[in-house]
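Novice: The following block contains the structure, expressed as structure tokens.
The values are calculated or read from the model by the stated rules, or taken from the named source; none is laboratory data. Since we're looking at a predicted model, the values are computed, not measured. Here Cβ is always computed from backbone atoms with ideal geometry, including for glycine, and neighbour counts include all displayed protein chains. Only protein heavy atoms, including side chains, enter the accessible area calculation; ligands, DNA and RNA are left aside. Shrake-Rupley method; radii C 1.70, N 1.55, O 1.52, S 1.80 Å.
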Amino acid sequence: MDRFYITTPIYYVNAKPHLGHAYTTTVADAVTRFHKLMGAETYFLTGTDEHGDKIVKAAEANGQSPQEYVDAISARFRDLLPEMHISNNDFIRTTEPRHVKVVQEILQKVFDAGDIYFGEYGGHYCFGCERFYTEKELVDGKCPDHQTVPEYIAEKNYFFRMSKYQDWLRDHIRKNPDFIRPESYKNEVLSLLESGELEDLCISRPKSRLTWGIELPFDKDYVTYVWFDALINYVSALGYPDGDKFAQFWPHANHLVAKDILKPHAVFWPTMLKAAGIEPYQSLNVHGYWLVKDTKMSKSIGNVIEPLAMKDTYGLDAFRYFLLRDMSFGQDSSFSEEALVGRLNAELANDLGNLFNRTLSMTHKYFEGKIPRPDVEDIVDAEIKKLGQQAMEAFQENFSDFKFSRGLEGLWELVRGLNKYIDATAPWTLFKEKNTGRLKTVIYVLLENMRKIAVHLWPVMPEASEKMLAQLGISFDPAKVNLPKELDVWGLLESGHTVAETSNLFPRVELPEAAPEPEAPKKAKKPAKAKAEKAKPEEAAPAAPAEAIPAIEFEDFQKLDLRVGTVKEAEKHPEADRLLLVRVDVGEGEPRQVVAGIADFFQPEDLVGRQVVIVANLKPRKLRKQVSQGMILAVKSGDGLQLLTPTAGVEPGSKVS
């Protein structure tokens, strides 16, 4: 059986969980669920790193002992997991006896082999990073991460002969292209190794300076350097050296980390493993930072995003979708609620939600809610099936390579394609024409593809996926799903089963209103002069308030013919950058052209398949040589624009009343 072992970094407990922690853990959860559906036996490890200088200082600041402090903060990380629907198999703490035992065993093994020696070292020590920096690593004399001047410390310590394994590590990375990915991080590590400047690693701290750590088994006056301690959790949790889990899962180990801890995982850890006689991990997967207004999140700046607040505001599955969809794995991504709301409305509410709601409603309208048996087929059915196969292949291939955003974009080709398929096949017309054989096939093709989409989305949005499948009359069991087979299998949705009447899993959301800016203090008025003078500009009387829009009679409103239409085509106006030529089906046989000033807010391809509301009886007029037969209604929202659209799909030409 295939196996898959995924680890998050064990999170340092000097602060409560933030967006970065939520992202890494959500990615690990999603990729674990994905490999389950691919037929693999999986194991998912996360936990907390609880030793070191920073823990002692944080505990002192809170008036607690180090143990009391780590117990409280570790519990926060553990409690976050069910809140985020995380399906980890184990949660390890570096203060647990099972971990301490393995750390001391490996230290003794490497010491006995002669790869740990005692020496004196002086260097620039950053207490924030809990590590020494060389002169070359400093930026303008400061720690590159904390922007503080390190303290020069000279002391006797124990050192790991890391430089001994430099050539081996370089060759191993070259021979195993997926050992570090994405490739940009692999190249960064190779550049370091090829410089020939890899130094030995200080792996101890004297108890005269720090007592909160794992005591060295060969010298009771020293504790273990936090990184040499923490990295070993990946094997201690599996019961190294003799545990069954270690034998089963370590050969399939995938580590997941942010780029700021690349060097410890890409250099320290594999050389430690080599020295201890343990095979290296399979792959190190490195992601970028979540930025807020192009700045890395920081407690000192005050721009930390709390994941539970986002989950409570927008829903957990929608938040999980955004995290995986918005960041291109390996690159930095900028977080904003505007981006989150925009993507949720466009892709979940408009695309996926609309697809489910329209199709379920039509199934009830045309077949009393029963899944029909497919009958008369057409070439468009074969085309949408082929598109579905391509979309699922793209999803599976990209998820396997940790390219989550690209995988979801591939799947959304099918979501958008199905919305276009509805418009192309026009089920409402087939119903009117009593073309029941063809109508049965169209509805079945939609429902079966919706089943496939829901199954593929389970790793990303587990609760929403299960609800979508329940709406299709399916009870979901991940053990019975095999994603590779979904590429070739068709027709698993059983005819005759009843589907839900409607679907409202992804309602449109609005940004919370920002707190009003405080008013600037008003300037004091100058005292009036005895003689009348010509008013100076700054003393001019305030402008009169705008006149209220006059009320109209109901009969005036009745003159407006507002219709729902489906966008069939859209393109840029050949002579105006801000105009789009939008062809809208309003149930008249031929689509009508509307010239719309929305090019600053929408790409033409984003409009195709969407339903809009138009003023249908507006007198035609030419705009830059193009005839416009109506007006698309939209709402100005901050700096953006939102199209008016029905909450569920309706037939083109439906009257707004």
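Novice: Using the Karplus curve 6.51 cos²θ - 1.76 cosθ + 1.60 with θ = phi - 60°, work out ³J(HN,Hα) for each residue of the stretch 478-490 in order, rounded to whole Hz, and write x for Gly and Pro.
Specialist: x, 5, 9, 9, 9, 4, x, 5, 4, 5, 10, 8, 9
Novice: Kindly list the residues of the stretch 601-619 that lie in the label zone of GLU569, defined by a backbone N under 19 Å from the point 7 Å along the Cα-to-C-beta vector.
Specialist: The answer is 603-612, whose backbone nitrogens lie closer than 19 Å to the label point.
Novice: Oh, and also: Taking amide H positions as placed in the peptide plane 1.01 Å from N, state which residues far from ARG93 in sequence (5 or more) or on other chains have amide H under 5 Å from it.
Specialist: Amide H neighbours of ARG93, under 5 Å, 5+ apart: THR48.
Novice: Now, a different point. Could you state how much accessible area PHE602 has, in square angstrom rounded to the nearest 10, with a 1.4 Å probe and all protein chains kept in place?
Specialist: 30
Novice: Between LYS386 and GLN147, with labels modelled 7 Å along Cα→Cβ, what's the label distance in nm to one decimal, could you check?
Specialist: Placing both labels 7 Å along Cα→Cβ, they lie 5.5 nm apart.
Novice: Extending each Cα 7 Å along its Cβ direction at GLU135 and ASN62, get the distance between those two points in nm, one decimal.
Specialist: Placing both labels 7 Å along Cα→Cβ, they lie 4.1 nm apart.
Novice: Let me ask something else about it. Which Cys residues of the chain have no other Cys beta carbon under 4.7 Å away?
Specialist: Those would be CYS202, since no other cysteine Cβ in the chain comes under 4.7 Å of theirs.
Novice: I've got another one for you. Go ahead and estimate [θ] at 222 nm for the chain from helices alone: -39,500 (n - 2.57) per DSSP H run with n ≥ 4, summed, over the residue count, rounded to 500. Numbers along the way, then the final one.
Specialist: Working: 22 runs with 240 residues, N = 657.
Counting only the DSSP helices, I get -11000 deg cm²/dmol.
Novice: Take the solvent-accessible surface of the protein heavy atoms, probe 1.4 Å, and return the percent of it on the chain that carbon and sulfur atoms account for.
Specialist: Working: 15820 of 31810 Å².
Carbon and sulfur together cover 50 percent of it.
Novice: Roll a 1.4 Å probe over the protein chains and send me the accessible area per residue for the chain in Å².
Specialist: Details: 31810 Å² over 657 residues.
I get 48 Å² per residue for the chain.
Novice: Which GluC sites (Glu not before Pro) in the stretch 413-451 sit in a loop by DSSP (not H, G, I, E or B) and have at most 16 other Cβ atoms within 10 Å of their own Cβ?
Specialist: Numbers: sites: GLU413, GLU433, GLU448; in loops: GLU433.
In loop regions of the stretch 413-451 (DSSP not H, G, I, E or B), the sparsely surrounded GluC sites (Glu not before Pro) are GLU433.
Novice: Here is a further query. How large is the charge dipole for the stretch 1-120, taken about the Cα centre, if only the Cβ atoms of Lys, Arg (+1) and Asp, Glu (-1) carry charge, to the nearest 20 debye? Kindly include the intermediate steps, with their values, before the conclusion.
Specialist: On the way: 12 positive and 17 negative charges, 72 e Å.
In total the dipole reaches around 340 debye.
Novice: Hydropathy first: keep DSSP H helices in the chain averaging at least 0.0 on Kyte-Doolittle, then drop any whose Cα extent along the axis falls short of 24 Å, and list what survives. Show your work: numbers first, answer last.
Specialist: Working: long enough: 19-37 (27 Å, 0.07); 66-83 (26 Å, -0.51); 379-400 (32 Å, -0.32); 404-425 (32 Å, -0.15); 436-456 (30 Å, 0.31).
Sorted by number, the helices that extend far enough and score high enough are 19-37, 436-456.
Novice: Hey, if you put +1 on the Cβ of every Lys and Arg and -1 on every Asp and Glu Cβ in the chain, which of HIS99, CYS143, SER405 ends up farthest toward the positive end of that dipole?
Specialist: It is SER405, whose Cα lies furthest towards the positive end.
Novice: What are the residues whose amide H is under 5 Å from the amide H of LEU216, where those residues sit 5 or more places off or on another chain and H is modelled from the backbone?
Specialist: When sequence neighbours closer than 5 places are left aside, the close amide H contacts are TYR222, VAL223, THR224.
Novice: Then there is this: With +1 on each Lys and Arg Cβ and -1 on each Asp and Glu Cβ, how big is the dipole of the stretch 356-494 about its Cα centre, in debye rounded to the nearest 20? Working shown, then result.
Specialist: Values: 19 positive and 20 negative charges, 86 e Å.
Using Cβ point charges on Lys, Arg, Asp and Glu, the stretch 356-494 gives about 420 debye.
Novice: How much accessible area does HIS124 have with a 1.4 Å probe, in Å² rounded to the nearest 10?
Specialist: For HIS124, solvent-accessible area is about 40 Å².
Novice: Moving on. Spelling out what I want: for every residue of the stretch 615-630, take phi, set θ = phi - 60°, compute 6.51 cos²θ - 1.76 cosθ + 1.60 (Karplus), and round to whole Hz; glycine and proline get x.
Specialist: Ordered by residue, 3J(HN,Hα) equals 7, 7, 10, 6, 4, x, 8, 8, 10, 6, 6, 10, 6, 10, 10, x Hz.
Novice: Could you tell me which label, among [x] 221; [y] 163; [z] 240, carries the value of volume of the Cα convex hull per residue in Å³ calculated for this structure?
Specialist: [z]
Novice: I'd like to know which of GLY243, LEU192, ASN176 lies farthest towards the positive end of the charge dipole of the stretch 111-260, counting +1 on Cβ of Lys and Arg and -1 on Cβ of Asp and Glu.
Specialist: Of the options given, the answer is GLY243.
Novice: Would the stretch 400-471 count as rounded, prolate or oblate if I go by the C-alpha gyration tensor, calling it rounded below 1.5 in a/c and otherwise prolate when a/b exceeds b/c, oblate otherwise? Working shown, then result.
Specialist: Values: a/c = 3.72, a/b = 2.06, b/c = 1.80.
The shape class here is prolate.
Novice: Could you tell me the accessible area of LEU493 in Å² (1.4 Å probe, neighbours in place), rounded to the nearest ten?
Specialist: Ignoring ligands and nucleic acids, LEU493 comes out at about 10 Å².
Novice: Around LEU291, which amide H atoms from residues at least 5 apart in sequence, or from another chain, sit under 5 Å from its own amide H, with H modelled in the peptide plane?
Specialist: SER333, SER334, PHE335
Novice: For the stretch 309-441, treating each Cα as an identical point scatterer without solvent, what Debye log10 I(q)/I(0) comes out at q = 0.13 1/Å?
Specialist: Log-scaled intensity ratios, in q order: -0.68.
Novice: Among the listed pairs LYS274/LYS480; LYS403/LYS636; LYS142/LYS186, which are separated by more than 29 Å between their Cα atoms?
Specialist: Working: LYS274/LYS480 39 Å; LYS403/LYS636 35 Å; LYS142/LYS186 25 Å.
With Cα atoms farther than 29 Å apart: LYS274/LYS480; LYS403/LYS636.
Novice: Is the shape of the stretch 1-136 best called rounded, prolate or oblate, per the rule: a/c under 1.5 gives rounded, else a/b larger than b/c gives prolate, else oblate, with a ≥ b ≥ c the square roots of the Cα gyration tensor eigenvalues? Each step should come with its number before you reach the end.
Specialist: On the way: a/c = 1.98, a/b = 1.35, b/c = 1.47.
It is oblate, given that a/c is not under 1.5 and a/b is not larger than b/c.
Novice: Hey, if you put +1 on the Cβ of every Lys and Arg and -1 on every Asp and Glu Cβ in the chain, which of VAL27, LEU340, LEU37 ends up farthest toward the positive end of that dipole?
Specialist: After comparing all options, I get LEU340.
Novice: For an R0 of 56 angstrom, estimate the FRET efficiency from the Cβ-Cβ distance between GLU494 and ARG624 and round to the nearest 0.05.
Specialist: Values: r = 54 Å, r/R0 = 0.96.
Rounded to the nearest 0.05, the efficiency is 0.55.
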